Amino acid sequence: GPLIHFLPSASGMSARFAIAAVIGTAFGIALEKGRVFEPMIIRQQMSWQSLLMLKMFLAACMASLVSMTIASLVSRKMFDSARKCRGTISQVVVGCSILGAGMTVSGACPGTILAQLGSGVTSSYITLLGGILAALVYTKFKDVIDAPFKSNFGLKRGFLEERLGVSFFLIAVPLAGVLFVTIAALEYIKPWYTEYSVDQYDYFPSMAARAWPPYFSGLVIGSLQLPTVLLLGKALGCSSPYERVAAYIYKKTGICKSDYVMKLTQRKFDNLWGLFLLGGMVLGASFSSLYSGSFHEAQSLPFVPSFLGGFMIIIGGRIAGGCTSGHGISGFSSLGIESLFSVPAMFLSGTIVALCFF
């Protein structure tokens with residue numbers, strides 16, 4: 001079990017929730033400082049007018065690969081418990097395509113909604129509302145929604161290093177090196193501070209700065225994978241807690257009491273830790289934006305795209321079994337075969353929607 005289990009059961013559970021909240025707080029700070037939570041920056045990335053989001057995402061993947069490698073060497077048991085196969089290839093491609101399109105429409109993803117809430121982005125409340133509705137729909141009709149997407153196209157589920165017959169280290173470390181070179185090339189082509197107006201002498205590592213280099217924020221996010229795995233036995237992910245919230249709504253109202261709802265509402269760590277993570281993200285983004293004086297400065301989007309996009313990102317993330325963090329960062333850095341299809345699907349669909357409609 002998690003390394004924190006050396007504590008007595010009650011205090012150990014409380015400590016793990018506290019750790020999840022602290023990790024979430026750091027996650028929220030990094031998202032806010034990276035500015036990638038801003039709706040227009042997400043849209044501009046999908047239309048390739050900006051590279052801020054891509055740099056932060058690749059840096060997070062790189063650091064997560066290193067974190068997972070360290071975890072595999074420190075505690076193989078914890079490493080194995082944190083990795084999981086997330087859906088079939090059909091689910092991942094379809095779900096992440098819906099998710100990517102929704103990111104362009106709403107200017108958000110399941111994780112950045114929390115940073116937007118904490119940073120005073122008015123439209124984030126509408127995006128969250130759309131997301132909760134999507135979670136309610138998916139939780140109630142999960143079997144019907146997932147039924148058409150059972151195919152894995154003949155590929156056996158599992159992890160890349162198992163299929164290639166090599167160690168995790170031999171794939172993860174060179175892949176992290178490739179990502180490092182890619183980030184350096186992108187930064188050379190288009191320095192981050194040319195895209196976001198900041199005082200170049202006050203961007204790192206000051207908490208008072210309005211922005212940090214996106215690759216540094218990404219490194220912080222990816223590095224959080226290490227304590228998440230070793231202390232909690234989990235991997236970073238932001239979309240499943242929405243489904244838990246929907247299940248709690250169903251249980252409290254008595255509208256739906258299916259076995260699946262009962263499973264999601266059991267009072268155990270697996271069901272609750274993500275809520276502490278997401279709550280910490282709101283607090284972290286709020287602290288960061290208030291401290292730097294950037295609270296409520298990011299541009300909001302109108303009601304319809306915020307609500308519709310919010311619905312799309314959560315329904316897509318749940319169909320896929322993960323979102324930009326669950327699949328894109330954690331799944332990718334776990335070398336999950338299905339997760340390798342997630343990022344191309346997200347960016348391709350998001351780009352098509354951005355070029356056609358925005």
* Length released on extending from Tyr193 to Phe153, taking residue separation times 0.36 nm less the Cα-Cα span -> 10.1 nm
* Counting only protein heavy atoms and using a 1.4 Å probe, what share of the accessible area of the chain belongs to carbon plus sulfur, as a whole percent? -> 69 percent
* Structure fact -> The extension gain from Thr182 to Ser206, computed as 0.36 nm times the residue separation minus the Cα-Cα distance, is 6.0 nm
* Apply the membrane-span-like helix rule to the chain: whole DSSP H runs, Cα extent along the own long axis of at least 18 Å, mean Kyte-Doolittle hydropathy at least 1.6. List the helices found. => 52-74, 168-189, 303-320, 342-357
* Would you please classify the overall shape of the range 276-358 from the alpha carbon gyration tensor, given that a ≥ b ≥ c denote the square roots of the eigenvalues, rounded means a/c under 1.5, and beyond that prolate means a/b larger than b/c while oblate covers the rest? => oblate
* **Label-to-label distance, nm, for residues given as Gln266 and Leu340 (7 Å Cα→Cβ offset)** => 3.3 nm
* Structure fact -> Taking 33-40, 141-148, 63-70 and ranking on average Cβ neighbours within 10 Å, highest first, one gets 33-40, 63-70, 141-148
* **Simple label model, 7 Å out from Cα along Cβ direction - Glu162 to Thr253, nm** => 3.9 nm
* For Gln299, what charge total do you get from the other residues with a beta carbon under 11 Å from its beta carbon, if Lys and Arg give +1 and Asp and Glu give -1? -> -1
* Of the trypsin sites (Lys or Arg not before Pro) in the range 260-358, which ones lie in a loop per DSSP and count no more than 15 other C-beta atoms within 10 Å? -> Arg267, Lys268
* Asked: What accessible area per residue comes out for the range 113-180, rounded to a whole number of Å², with a 1.4 Å probe?
  -> 50 Å²
* Which whole-angstrom value gives the distance between the alpha carbon centres of the range 249-328 and the range 219-243? -> 14 Å
* Of every Cα-Cα pair in the chain, the percent that sits beyond 33 Å -> 22 percent
* Compactness of the range 142-276 - radius of gyration and Dmax, Cα, Å -> 21.3, 56
* Structure fact -> For the range 142-175, listing chymotrypsin sites (Phe, Trp or Tyr not before Pro) in a DSSP loop whose Cβ sees at most 12 other Cβ atoms within 10 Å gives Phe153
* To do: Using the Cα centre as the reference, give the magnitude of the dipole from point charges on the C-beta atoms of the chain (Lys, Arg: +1; Asp, Glu: -1; all else neutral), rounded to the nearest 20 debye.
  => 1080 debye
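The values are calculated or read from the model by the stated rules, or taken from the named source; none is laboratory data. Source: prediction; values computed, not measured. Every residue, glycine among them, receives a Cβ derived from its backbone with ideal geometry; neighbour counts consider all protein chains shown. Surface accessibility is based on the protein's heavy atoms, side chains included, excluding ligands, DNA and RNA. Shrake-Rupley method; radii C 1.70, N 1.55, O 1.52, S 1.80 Å.
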